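This report concerns only the one structure given below.
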Amino acid sequence: FCLWSLVQPKMAVSRALPAWSGLTGFAGGVLGGALYMPGPPVIMYNAAIASDRFQFKADLQLFFLLTNGLLFVIYLYLGLFSGDSLKMTIKNSPCIGTGMLAGLLVFRKMTNRGFKKITILLLGGLGAGILVRGLLPG
């Protein structure tokens, strides 16, 4: 998908196909529940839709808000959070905030085409990393 997207950047799919939207949500849910990686199907779906980078980002944020909220409740119910993980998150929050601010500044300078290209390259790198990690012993 990533290679095809880079070679054929003008791929527009109609949002009017509810089956694609539902299948994307289901695939994201399965990956989120199994691997805590719900994003790739949603990123692929949004990359195929003719939308600008602002709509792309808004769609992803809403999806991640909903999936992370649900996973938070499930993990809380299962007792998977600890005081140490909360302390680490609080300790790292200035770095997270600074990184988000830097990302927002970079995002404002990007074109729609540059944004999609970077998104596809990052998705491809993530996929390659998962494959390599899965093939390595141990």
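The values are calculated or read from the model by the stated rules, or taken from the named source; none is laboratory data. Just so we're clear, the structure is a prediction, and the values are computed from it rather than from any experiment. Note that each Cβ is placed from the backbone with ideal geometry, even for glycine, and that neighbours are counted across all protein chains shown. Note: areas computed on protein heavy atoms with side chains; ligands, DNA, RNA excluded. Shrake-Rupley method; radii C 1.70, N 1.55, O 1.52, S 1.80 Å.
Only Cα pairs under 8 Å and 6+ residues apart enter the sum, and on that basis the relative contact order of segment 24-138 stands at 23 percent. Between the helical axis of 53-78 and the dominant principal axis of the chain, each derived from Cα atoms, what acute angle in degrees is found, rounded to the nearest 10? The angle comes out near 30 degrees. When Y77, Y36, Y45 are compared by accessible area at a 1.4 angstrom probe, the order from most to least is Y77, Y36, Y45. What do you get for the angle between helix 18-35 and the principal long axis of the chain? Use alpha-carbon atoms, 0 to 90 degrees, nearest ten. Result, in degrees: 30. Atom-type composition of the exposed protein surface of the chain places 73 percent of the accessible area on carbon and sulfur (1.4 angstrom probe). Roughly how many Å² of L86 are accessible to a 1.4 Å probe, to the nearest 10? L86 has an accessible surface of roughly 110 Å² with all protein chains in place.
Label positions at I74 and W4, each projected 7 Å from the Cα along the C-beta direction, are separated by 2.8 nm.
Taking the charge dipole of the chain about its Cα centre, with +1 at Lys and Arg Cβ atoms and -1 at Asp and Glu Cβ atoms, the residue from I96, V106, G33 reaching farthest to the positive side is V106. Placing +1 on the Cβ of every Lys and Arg and -1 on the Cβ of every Asp and Glu, with nothing else charged, gives the chain a dipole about its Cα centre of roughly 480 debye.
Heavy-atom accessible area for F72, with the other protein chains in place and a 1.4 Å probe, reaches approximately 110 Å². Taking amide H as placed 1.01 Å from N in the peptide plane, the amide H of I49 sits under 5 Å from that of V13, each at least 5 places away or on another chain.
When the convex hull of the Cα atoms of segment 12-136 is projected onto a plane and the area is averaged over all directions, what value comes out in nm²? Present the calculation step by step, with values, prior to reporting the outcome.
Details: hull surface 38.0 nm².
Projected area, direction-averaged: 9.5 nm².
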